[in-house]
Ligand SMILES: Nc1ncnc2c1ncn2[C@@H]1O[C@H](COP(=O)(O)OP(=O)(O)OP(=O)(O)O)[C@@H](O)[C@H]1O
Ligand SMILES: [Mg+2]
């Protein structure tokens, strides 16, 4: 039995109150994710990646089809499936450690155990010197580490991560990617990770899933060996990148996403630079 399942998922949003004008954003998506997989979702902007994460998290309900987790239909959010957003989601008026303690309080962890668990989680992501810092005094990368620490403290089985490092500079992003791979190898969490960077997908994933342009459907899938050489410049990875790029849906401007230089995002051009 797969841990996370999207079974014949359709998702439509209605653009008027009478719910007569539907816009289908996901069409017959089937996905089976096993415990311990590190799955990257890639696809053009607007194809429904965030919608899929929201369905997996239980924030949204499918229009048709079933989302299940460990064999049970997902009916709403659960701490077993934690989310890390692109924008940081810590309370700014509380210290880093208190943010995590609050989450543990919601989980009804006994009061005397909370601080220890929170500190251990922060140690795990390299923030041992920053327990008492407020989020606005941390760098972007540190805030994302703190958000990951919160999932570790909550002992979430599944990490749902929506472009978690895309707002960071390239060097910090790579470091966080590498640390996340180590964490994944160590804790064997299931990770579903959305990215626009093919390099990042090749670096971190155990499986890459590509969605088509709207309405999103699965149009490509690649399995990657956990013990492979992750250096992006080795021939296998360069070959894989080319294969993925060739399969990637084109922008509205008819160029491939990577090559596209038009600035026409408002008109649904999906170009974004790697
Ligand atoms: N709550 C909503 N109501 C109406 N339409 C929505 C809603 N949420 C998403 N959509 C639409 O669904 C489509 C898919 O959106 P989604 O955010 O899932 O795309 P995405 O693949 O994550 O895009 P990006 O890569 O730009 O983040 C978009 O056209 C978006 O406008
Ligand atoms: Mg998105």
Tilt, helix 111-124 to longest principal axis of the chain (alpha-carbon atoms), in degrees rounded to tens, equals 50
Length gained if residue 8 through residue 199 is fully extended, taking 0.36 nm per residue and subtracting the Cα-Cα distance, is 65.8 nm
With R₀ set to 41 angstrom, the calculated FRET efficiency between the beta-carbons of residue 169 and residue 59, to the nearest 0.05, is 0.90
Largest-first semi-axes in Å of the equivalent ellipsoid built from the Cα gyration tensor of segment 1-102 are 26, 19, 14
Ranked output for segments 32-43, 60-71 by mean other Cβ atoms within 10 Å, highest leading, reads 32-43, 60-71
Sorted on mean Cβ neighbours within 10 Å (highest first), peptides 205-212, 125-132 come out as 205-212, 125-132
Contour minus Cα-Cα span, residue 232 to residue 128, at 0.36 nm per residue, comes to 34.4 nm
Percent antiparallel among DSSP beta bridges confined to the chain, rounded to 5, stands at 55
Note to self: C-alpha centroids of segment 140-186 and segment 3-65 sit apart, in Å, by 23
So for segment 4-57, using the alpha carbon gyration tensor with a ≥ b ≥ c as root eigenvalues (a/c under 1.5 gives rounded; past that, a/b versus b/c decides prolate or oblate), I'd call it prolate
With Cα coordinates, the longest principal axis of the chain makes an angle with the long axis of helix 140-153, in degrees rounded to 10, of 70
For the chain, averaging the sequence separation of alpha carbon pairs under 8 Å that lie six or more residues apart and dividing by its residue count, the contact order in percent is 23
Taking a label point 7 Å from the Cα of residue 87 along Cα-to-Cβ, the residues of segment 149-176 whose backbone nitrogen sits under 18 Å from it are 161-168
Mean Cβ-within-10 Å packing, highest first, puts peptides 153-160, 170-177, 74-81, 137-144 in the order 153-160, 137-144, 170-177, 74-81
The alpha-carbon pair-distance distribution computed for segment 114-198, with 10 angstrom bins and whole-percent values, is 17, 53, 28, 2
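A short reminder: the numbers here are calculations on the coordinates, not readings from a lab. A quick note: this is a predicted structure, and the numbers were derived from the prediction, not measured. When we count neighbours, we look across all protein chains shown, and the Cβ atoms used for this are built from the backbone with ideal geometry, even at glycine.
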